[in-house]
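Structure first, then comments.
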Amino acid sequence: MLFPELQNVKKLLETPVDESSNQITMNLEDDPAYVFSRPFTSSYNLILKTNTLLSQIGEEIAAIHHAVSSLYATKFPELVELISNPLDYLRVVALIQNETDLTKLPLDTILPPSQVMLVSIASSTTTGSPLSPSALSELRSLTSEAIQLDADRGLFLRFIESRMLRMAPNCSALVGTHLAARLVAQAGGLRALASMPACNVMLIGQQKQTFEGTGLALPRHSGILYQSDLVQSAPAALRQKTARIVANKLTLAARIDAQNAQNGENGAEYRRTIQEKVAKWQEPTPGMREKALPVPRDEPKKRRGGRRVRKMKEARQPSEIQKQLNRRRFGVAATSYADEAMGIENGMLENGGSFAKLIVKKTKLVAQKTLKRLGQAAKGGYVSGLASSFNIADAHGIELISNVKKEERKDGKYFSAVSGFASVHPQSLLCVCYVKGVTETSGSGFLFFLLRV
C-alpha cells in the first residue's frame, strides 16, 4: 500500500453501514411512518445509531481527503489551497485525474464560476507532473469511496429529517427539520447538542473562508445555523445579530427536546419572538414630536417662596462693587486702547472718588445661632479697653467700683470668717472714703463707702 491511511479509510466499509443503509432505504420506500408505528424507544435508538454513523462518515471522509491531497500533490499541489471543501476537492480530483487542459472538463457543475477561473489559471502555471498508473488507480478508488460515503450520509440525513418532528419537535419548529437534522448530526446527537453552549452551536458546520476579497465570502462565525430562513430573511446588517439570538433559542429548544417533549409549542413561540425582534429592529427611528403647550389657567400662578428663599436670594445677589464694575461709561475716552479692545475695563469704578461714595451692604446673612453665640460671648466679661471701674451715678458724682466684695461673696461659700475657718486671704484694712456729691433729696452731702485695701 502506498499510504498507511488506507487501512483506516476502509474501516467504515467493513462495519454494518451498508446493512443499516439498506434497512433505512426499505423503511422509507415501503412505509414512511414505519418508525412511528414502532415504540418510541426503538425509534430513538435507531436515530442515535444513525447519528453515530454520521460522525464516523465525517471522520472517514476527512481521512480520505488527507490521503488524496497527499497523493494528488504530485500532479496539482495548488488545488488543495484553492478548494477548502473536502467533498468538492474529491469530486474535482475525480474529474481531473491526469487531464492537463481543464477547459474540456465541466468544472462548473461542481464549483462556482469564480472558483473555476482560479483553478484554470492555477493549472496552466502548475509545476506538477502526471500520476503513475498505480497511483491513479488508488486515487480513483479513494474518490469513489468518498463519494459513496457522502451518498450514505445523505440517506441518513434524510432519515433523521423525516423523524425530527418526533425526536426534536421544538428544534424542528424553530429552524426546520432539515437544519435541525444537520445540527443534530454534526453535534453527535440531541443530548450532545443540548449540552453545547449557544456560542458553539452557532459555529457548527463552519467552513474555512476561501472567497475573501471576491464578494462571495460569508461572515465570520457563520455555520449551518446561518442558512436558517430566520437569518437569511433579515437585512445583511442584522444577520449576525439574528444568528446569535437563533443560536440561543435553539439551545433552549434542544434542552427541552432532550427531556422527551411531546409538542413544539416552545419552538414555535421562540420563532415568533425572533421574528418580532427582527421586525422591531427594522422600524425607523421615531422623529421629534412637538410637545403640546399646557392648558392656560385663569387663576394667578402660585409662586413659592418665603423668608428662607428671600434670604437665599439676598445672599447671592451681586454687591455694589460688582454692579459698578458691570456698568459701562459712554462718551469718555478710554485709558488704554489695548484694554478696551480686550474688554478689560473697570466700568464705573474708574471714576475718581467713586469708592468713597459706594455704600457696601452686608448681603451675606449670618445664621441666627451664630449671632446668638457672638452676643453671649460679648456679655461674658469681654470688654474693650475704654471701659473703666468708675461708675457715674449722676451728673455731679463718680462712684468707684471695687471687685473685692464680689470675690468675698464667691469665697464665702467655702471659706467664711464666721464658720471658724481661717481665711486664705491676708487680713485687709478697711478704709472709709468720702466723696462729696449731690443727693436727690437734700441737694448736697457726702457719699461714703468702705474700701478694702
Those residues of the stretch 103-116 which are in a helix (DSSP H, G or I) and closer than 15 Å to Asp88 by Cβ, in sequence order: Leu107, Asp108, Thr109, Pro113, Ser114, Gln115, Val116
Going through Leu95, Leu105 one at a time, which residue ends up being surrounded by fewer than 19 Cβ atoms within 10 Å (Cβ to Cβ) and either more than 27 Å from Gln206 (Cβ to Cβ) or touching a residue at least 24 places away in the same chain (Cβ under 8 Å) (or both)? Leu105
Looking only at the stretch 239-264, and only at residues there that are hydrophobic (A, V, I, L, M, F, W, C) and at pLDDT below 90, the one that is nearest to Arg182 (Cα to Cα): Ala258
The correct count of residues that are of a type in the set (S, T, N, Q) and outside any helix (DSSP H, G or I) in the stretch 297-329 is 2
Give the stretch 249-270 a look and list any residue that's assigned to a helix (DSSP H, G or I), surrounded by fewer than 17 Cβ atoms within 10 Å (Cβ to Cβ) and polar (S, T, N, Q), or say none. none
Taking the stretch 135-184 and the residues there that are under 40 Å from the mean Cα position of the chain (by Cα) and of a type in the set (S, T, N, Q), the one that is surrounded by the most Cβ atoms within 10 Å (Cβ to Cβ) would be Asn170
Residue, nearest to Arg140 (Cα to Cα), within the stretch 68-79, restricted to residues that are under 48 Å from the mean Cα position of the chain (by Cα) and not in a loop (DSSP other than H, G, I, E, B): Ser69
Of the residues Phe36, Phe40, Phe76, which is aromatic (Phe, Trp, Tyr), out of contact with any His (no Cβ under 9 Å at 6 or more places or on another chain) and modelled with pLDDT of 85 or more? Phe76
Give the stretch 120-158 a look and list any residue that's touching a residue at least 40 places away in the same chain (Cβ under 8 Å) and outside any helix (DSSP H, G or I), or say none. Thr126, Thr127, Gly128, Ser129, Pro130, Leu131
Return the pair list, or none, for Cβ contacts closer than 7 Å from residues in the stretch 241-265 that are farther than 22 Å from Lys277 by Cα and assigned by TED's automatic domain parsing to the domain that holds Asn170 to residues that are hydrophobic (A, V, I, L, M, F, W, C) and part of a helix (DSSP H, G or I), at least 6 apart or on different chains. Arg255/Ala194; Asp257/Cys171; Asp257/Leu190; Ala258/Leu190; Ala258/Ala194
Inside the stretch 129-143, can you point out the residues that are within 15 Å of Leu79 (Cβ to Cβ) and among the small types (Gly, Ala, Ser)? Ser129
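Right, Thr273: hydroxyl-bearing (Ser, Thr, Tyr), part of a helix (DSSP H, G or I) and farther than 16 Å from Met164 by Cβ or not?
Numbers: hydroxyl-bearing (Ser, Thr, Tyr): yes; part of a helix (DSSP H, G or I): yes; farther than 16 Å from Met164 by Cβ: yes.
For Thr273, the condition - hydroxyl-bearing (Ser, Thr, Tyr), part of a helix (DSSP H, G or I) and farther than 16 Å from Met164 by Cβ - is met.
The values are calculated or read from the model by the stated rules, or taken from the named source; none is laboratory data. For clarity, every value in this text was computed on a predicted model and none was experimentally measured. Please note: Cβ atoms are built from the backbone with ideal geometry, for glycine as well, and neighbour counts cover all protein chains shown.
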